[in-house]
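One structure is given here, and the rest of the page talks about it.
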Amino acid sequence: MDTSAERGLPGDRTGEITLHPSGVSIRGPIGSTFLRVLQENGLSVGSSCGGHETCGECRIRFVDRSPEPSTSDRTLIEPDAIADGWRLACAHELSDAARIEVPERVGDLRSKERAGDEALACGAEPSEGRAKALGLAIDVGTTTLSIGCFDLATGELRGLVATRNPQRRFGADVISRIAHVRRSKDAGLNELQAAVVEGLNGLVDRLSAEAKIALDSIERVTIVGNPTMLHLLLRVDPAGIGISPYRPAFRDSVRRPAGDLGLEIPPRTPVETLPGVSGYVGADIVGGILATGLDVSSGRTLFLDVGTNGEIVAAIDRRLIACSTAAGPAFEGAAIVQGMPAYNGAIEAVRISDDGIACDVIGGGAPAGLCGTGLVAAVAELYKAAGIEASGRFCDPGAPLSERFEGAGKERRFRLTGEPAVCLHQADVREFQLAKAAIRTGIEILLQQAALRPDEIDRVLIAGAFSERLCGEHLVATGLLPAIDPSRIDVVGNTAGQGAARVLLDPGLMDQAETLARSIEYVELSADPRFSELYVEQIPFPE
């Protein structure tokens, strides 16, 4: 008798999962969660919490014989959806055989192989008259992967593609992913490396198909990313980054042939990463400094790259001081009740006026949720309209806005749209406050380190994909930035990718990047006695 299976622990017996409607079957150990079995069979299932039954992303639908809903099912899934068979894949274990539907499935290895073959057939040969020498500038973000393809002779951008980082199924932030490696050792490291390479190869396939790029013409690749992302890509254990004193295994640039990493381009193509600074200020920030010229320009500039981590650089006449702070996933659209990445359907901007509420939706269709910039705008606009107290609690702004409030206590929410309804929840405001307090505390400590007052700052540069639709007035009004004239705030986009492209097109800049990385003064906030007190002070909104 297999007693381990009876106790719900993985044993030698396996069960079968049939995927609906494709009919594809996969197998896994009885007693393993559905989430684990799906991931181990190459299916991309969202799980920002790393399978701990708190994020609600790993929903699957049982076509028949639905298991009894768990407590987390009832907490995170709507009653109608539960009745229709929806459950959390992390909350239920495989016991024998099951038929399920997985929404927005990336697909198993066989479907990936078919898609890759089709893409290669579309882009097998370059168009007549086009140069063969191409290069890829890759940005490996915690949340998003992007690749720009450039003509190395002319500098022409031939294609730009992006997708979610498949590593998100192991956790939304770098700490979750480091923890996965620590728990699973070599197997976990291999899983995370395979996941990111899966995502990058999917983007390479898209470039081949959409931009008619011949893969054998790719001659050089440069890569940026935060230190954890580069460790995982290169299959280097990032454990040292996760514990004090937060030391990476490497900081210098690394050069490898593409074949060693599993990238589906000519195997001898040189792949080179930009150097990093510390365990939490990496090649993405070095690329951003190169792209904005902070290392060669005079004046007083504050540079922020806002994402799951917030990296901040104070540049004072070529002196560079940097820190990193854990902002959490709110600015990426995660940890928000109706949050989502900046994809079609996401509300990216909100305006409240006497005429009502206007929401800008990416793609122009029906709203489906809030991305990071939409969250900032919604909070700032409602605070300005007296619908939020300085403490962060919702309050009654009077008619007609008061009619948009629903629920009570922690469940209270403000309806931004009609049907389908997208709401700003009380819990979302708190998530925003915690994230902005972390960023602002890092700014305050850097300004103190540089003996600089906010009114002495010449300009503020906001980088990252998150920055595209940010409003400077909103950043100041909510206290994410100190009281700075909004006209001095500029949004500069994905400077990490821009920096990777600069080095791709001018390899001589790699030496400059190495010198730059060694010259940056790094402030470790976790060891700074000022952090805790300043952090608490920055949680409320400015009066």
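Only the coordinates and a few stated rules stand behind these numbers; no lab work does. Note that the structure is a prediction, hence the values are computed from the model and not measured. Don't worry about glycine lacking a Cβ; one is built from the backbone with ideal geometry, like all the others, and counts go over all protein chains shown.
Data table
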{"item": "Amide H partners (placed H, <5 Å) of Trp86, local residues excluded", "result": "Phe62"}
{"item": "Leading residue at positive end of dipole, the stretch 192-329 (Cβ point charges), from Asn201, Ala326, Gly259", "result": "Ala326"}
{"item": "Beta bridges per DSSP with both ends in the chain, % antiparallel, nearest 5", "result": "65 percent"}
{"item": "The chain: relative contact order in percent, alpha carbon pairs under 8 Å with at least 6 residues between", "result": "12 percent"}
{"item": "Order by protection proxy (mean Cβ within 10 Å, highest first), peptides 384-396, 149-161, 86-98", "result": "86-98, 149-161, 384-396"}
{"item": "Hits among aspartates and glutamates - C-alpha to C-alpha of Lys410 under 14 Å, sequence gap 8 or more where chains match", "result": "Asp428, Glu431"}
{"item": "Farthest toward positive dipole pole in the stretch 377-494 [+1 Lys/Arg, -1 Asp/Glu at C-beta], among Gly493, Leu434, Ala380", "result": "Leu434"}
{"item": "Student exercise, the stretch 323-394 dipole from Lys, Arg, Asp, Glu Cβ charges, in Debye to nearest 20", "result": "160 debye"}
{"item": "3J(HN,Hα) from dihedral phi, the stretch 332-339, Karplus parametrisation 6.51/-1.76/1.60, rounded to Hz, x for glycine, proline", "result": "9, x, 8, 6, 10, 3, 10, x"}
{"item": "Reachable aspartates and glutamates, given that their alpha-carbon falls under 19 Å from the alpha-carbon of Lys212 and they are not under 8 places away in the same chain", "result": "Glu113, Asp117, Glu118, Glu125, Glu128, Asp151, Glu156, Glu264"}
{"item": "Amide H partners (placed H, <5 Å) of Arg530, local residues excluded", "result": "none"}
{"item": "Whole-Hz couplings from phi, Karplus 6.51/-1.76/1.60, listed for the stretch 263-269; x for Gly and Pro", "result": "6, 8, 10, x, x, 8, 4"}
